[in-house]
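**Student:** Attaching a single structure in structure tokens format; questions to follow.
The values are calculated or read from the model by the stated rules, or taken from the named source; none is laboratory data. None of these values were measured; they are calculated from a predicted model. With ideal geometry, Cβ positions are generated from the backbone for all residues, glycine too; neighbour counts draw on all protein chains shown. Surface accessibility is based on the protein's heavy atoms, side chains included, excluding ligands, DNA and RNA. Shrake-Rupley method; radii C 1.70, N 1.55, O 1.52, S 1.80 Å.
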Amino acid sequence: MKPIGKIRRSQVLSGNGPGAIIDFRGENGAPVSVVAAGLEAWDKLSGKRGLLNDQRIHHDQLQAKLQVSGFRLPPVGEETVGREKRQRLLPSYRFPDWHVCPGCKLLQRSRSWGAEIEKPELFCNACSVGRGRRARKTYVVPVRFIVTCAAGHLQDFPWLSWPRHSEGCSRKRPLTLIGEGAGLKGLKVHCTECRAERDLDGALSPGALGKLRCEGRSPWLRSAPCDCSHEPVAIQRGASNAYFPVIASALDVPPFGGSFRDSLDEYWDELVSLDDRKQLPDYVRKRLHPKWPEPNVSADELTSRISRLLNLLDDDDVGDLRPNEHLMLCAGAPGGETFSEFRIRPQALPPEMGGLLDQLVSVERLREVRVLKGFTRLTPAEGGDSSAFVAPLSEGRLNWLPAIEVRGEGIFINFCLRDVIDWENREDVKLRAGEAHSAAERAWRDHNGDDRPFPLDISPRFLLVHTTAHALTERLSLDSGYSTASIRERLYISPGPEGMCGFLLYTSAPDSDGTLGGLSRKGRSEEIGPLLLGALYDLEWCSADPLCSSGILSLSEGSGSAACHCCTFLPETSCEHFNRHLDRAMLIGTPEKPDLGFFRPLLNRNK
């Protein structure tokens, strides 16, 4: 098997995972288009299958949430199989199957083109000149259009049936794809037998494929087609809506990830797999306690500490890991134990932020595990939408999923809940947030229909926290040395008087050393006050005003809120919600109602 190109390990989770269409350039710049293969194919190319593989990682709570036994890193480097060393590879399959020759314009399936042994590039025999080393090949190009559906299936565009053939045409002679002008109207599919011709104008529109049915194909799995009732839609091969990864992520926070849990590593799989938790005291007394490195710890005490960890994994609320993360970021790690992957330093609040913010924390060290659960096509899975059609990464359910781990630093800010509750209970604030929620739900239903519930509550608290995180990220990128694309947000929001109301801004890197500390230093008391004030002043005027402040620019998203690329939008790698559900009016007010903004008293005091 010949390598056809390279991608970074992190790209497997950001858009090039199983089921994604990836473009490469082969020898002499020849274009090659493939679909990344499913997880079973990873094992076929690996010397050690499943979780026996050396490149694996663990995160106890995330494993319990996703009901798997561990995670595999995308393969990188070499592995030893017997006496042989070989390169670790990610498998893929050719897709789409149809290609067009840039010389003679013939449009045919891959089997009709010339190819060399163990080389993925295809060429046109008729247009290629010469033989041997001096041959000048004309390489064919993968077609631009494919067909998909909301369930994630893929199939080739119906090239053969697209021209309106005359009666009696056998459809056995090749087609041609001729460009005679700009746009899709100038791109015409021509039958060389009956001379029928049809342009591609409107081919990407809903309903353009007529009676064509989804074939239920999953070419990344090589599995048999299944029945599918979803409407097939033609899209461009490299379109941004061809693949949306569905990611689950979690920070490594106490009580897991510490020295106590590390000491249990040898026994952990057996502890988790105990059929009855009542067996735990006997197991600890007979197997674990005699070998425990701390002789002063009794078997009962050891059993109690282990039981607390196992109970957290058995908890019905294990699906939502953020409340525990929020608690640890606010309260810090418990004493008597070291946590090498979680190190925070609480900071004094700047005097001017009193009554607005409740806690400020410099996060000097963190570890995050990001897991690819599946993917969607056409529309992304919004928030915690458990009813979305998530396409599978494997034919059958495996006990592992692909993941990466990153280490870094950040800044955690928690709002003063008492003041937030007073502000969000104001009628004008509730009215504006209600309009944003209704618009977001309406836009969501336009894509997803009425059968599924809208998965988010666009509350005043949500808009406040989310927009503040974006504003501060923009300002931090100017002062910390990190670009906006390298700073990510992690929102902690839940309703009620005891709910969460804060956010973490962090940067990370895949190596074990993490990052250099420039971002966490900006979380110090003397630094964050001017930064946050500067971010709020930046929001008072947008270069797209008055169109932005009036909500006209965000009408295409259905929200009508004051947010656009000029003031609050970030690179999509930084935002958890695809730059949706933002409104700077919730922070600084509107020209007509400046007092609407949560931070307006702060801005008035500092003018």
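**Student:** Excluding L587 itself, what net charge comes from residues whose Cβ is under 10 Å from its Cβ, given Lys and Arg +1 and Asp and Glu -1?
**Tutor:** 0
**Student:** While we're here: Under 5 Å between amide H atoms, partner at least 5 residues away or on a different chain: which partners does S92 have, H built in plane at 1.01 Å?
**Tutor:** Placed amide hydrogens put A37 under 5 Å from S92.
**Student:** Tell me, what HN-Hα J-couplings in whole Hz come from the Karplus equation 6.51 cos²θ - 1.76 cosθ + 1.60 at θ = phi - 60° for each residue of region 374-380, using x for Gly and Pro?
**Tutor:** Per residue, the Karplus-derived 3J(HN,Hα) values read x, 7, 10, 10, 6, 9, x Hz.
**Student:** How would you rank 84-92, 479-487, highest first, on the average number of other Cβ atoms within 10 Å across their residues? Walk me through the intermediate numbers first.
**Tutor:** Working: 84-92: 15.8, 479-487: 17.7.
Taking the mean over residues of other Cβ atoms within 10 Å, the ranking is 479-487, 84-92.
**Student:** Explain nothing, just compute: Karplus ³J(HN,Hα) = 6.51 cos²θ - 1.76 cosθ + 1.60, θ = phi - 60°, for every residue of region 222-232 in order, whole Hz, x for Gly and Pro.
**Tutor:** 6, 9, 5, x, 10, 6, 9, 9, 6, 6, x
**Student:** Leaving out ligands, DNA and RNA, what percent of the accessible area of region 407-449 is carbon and sulfur, probe 1.4 Å?
**Tutor:** 46
**Student:** What accessible surface, in Å², does a 1.4 Å probe find on D451, ignoring ligands, DNA and RNA and rounding to the nearest 10?
**Tutor:** 150
**Student:** Using a 1.4 Å probe over the heavy atoms of the protein chains, calculate the carbon and sulfur portion of the accessible area of region 44-162 as a whole percent. Display every interim value, and only then the final one.
**Tutor:** Details: 2900 of 6290 Å².
Carbon with sulfur: 46 percent of the solvent-accessible area.
**Student:** Can you tell me the 0 to 90 degree angle between the C-alpha axis of helix 299-314 and the longest principal axis of the chain, rounded to 10?
**Tutor:** 50
**Student:** Same structure again: Given H placed 1.01 Å from N in the peptide plane, which residues other than close sequence neighbours of R56 have an amide H under 5 Å from its amide H?
**Tutor:** For R56, the qualifying residues are L73.
**Student:** Okay, moving on. By how many degrees, 0 to 90 and rounded to 10, does the Cα axis of helix 460-479 deviate from the longest principal axis of the chain?
**Tutor:** Roughly 80 degrees, rounded to the nearest 10.
**Student:** Related question: So how do 501-509, 397-405, 592-600 stack up, highest first, on mean other-Cβ count within 10 Å?
**Tutor:** 501-509, 397-405, 592-600
**Student:** If the cut-off is a Cα-Cα distance under 16 Å, which lysines reach K278, setting aside same-chain residues fewer than 8 apart in sequence?
**Tutor:** Within the straight-line cut-off, K278 pairs with K286.
**Student:** For region 398-410, take each phi angle, set θ = phi - 60°, evaluate the Karplus expression 6.51 cos²θ - 1.76 cosθ + 1.60, and give the result in whole Hz per residue in order, putting x for glycine and proline.
**Tutor:** 9, 8, 8, 9, x, 7, 10, 10, 10, 10, x, 8, x
**Student:** Which value, in Å², gives the accessible area per residue of the chain when a 1.4 Å probe is used on the protein heavy atoms?
**Tutor:** Result: 48 Å² per residue.
**Student:** Given an 8 Å cut-off on Cα distances and at least 6 residues of separation, report the relative contact order of the chain as a percent. Working shown, then result.
**Tutor:** Working: 1137 pairs, mean separation 75.0, N = 607.
That works out to 12 percent.
**Student:** Sequence-distant or interchain residues sharing an amide H contact under 5 Å with L122, placed H: which?
**Tutor:** V140
**Student:** Label region 340-487 by shape, choosing from rounded, prolate and oblate, from the square roots a ≥ b ≥ c of the eigenvalues of the Cα gyration tensor; if a/c is under 1.5 it is rounded, and otherwise prolate applies when a/b is larger than b/c, oblate when it is not.
**Tutor:** Oblate is the answer for region 340-487, as a/c is 1.5 or above yet b/c matches or exceeds a/b.
**Student:** A further question follows. State, as an integer percentage, the relative contact order of region 452-538 based on alpha-carbon contacts under 8 Å between residues 6 or more apart.
**Tutor:** Over region 452-538, the number comes to 29 percent.
**Student:** Something else: Tell me the net charge near L39. Cut-off is 9 Å between Cβ atoms, L39 excluded, with +1 for each Lys or Arg and -1 for each Asp or Glu. Intermediate results must be reported in sequence, preceding the final value.
**Tutor:** Values: positive: R72; negative: E40, D43, E395.
For residues surrounding L39, the net value is -2.
**Student:** How much mean residue ellipticity at 222 nm does the chain get from its helices, if each DSSP H run of length 4 or more adds -39500 (n - 2.57) and you divide by all residues, to the nearest 500 deg cm²/dmol?
**Tutor:** Values: 15 runs with 137 residues, N = 607.
Calculated from helices alone, the mean residue ellipticity at 222 nm is -6500 deg cm²/dmol.
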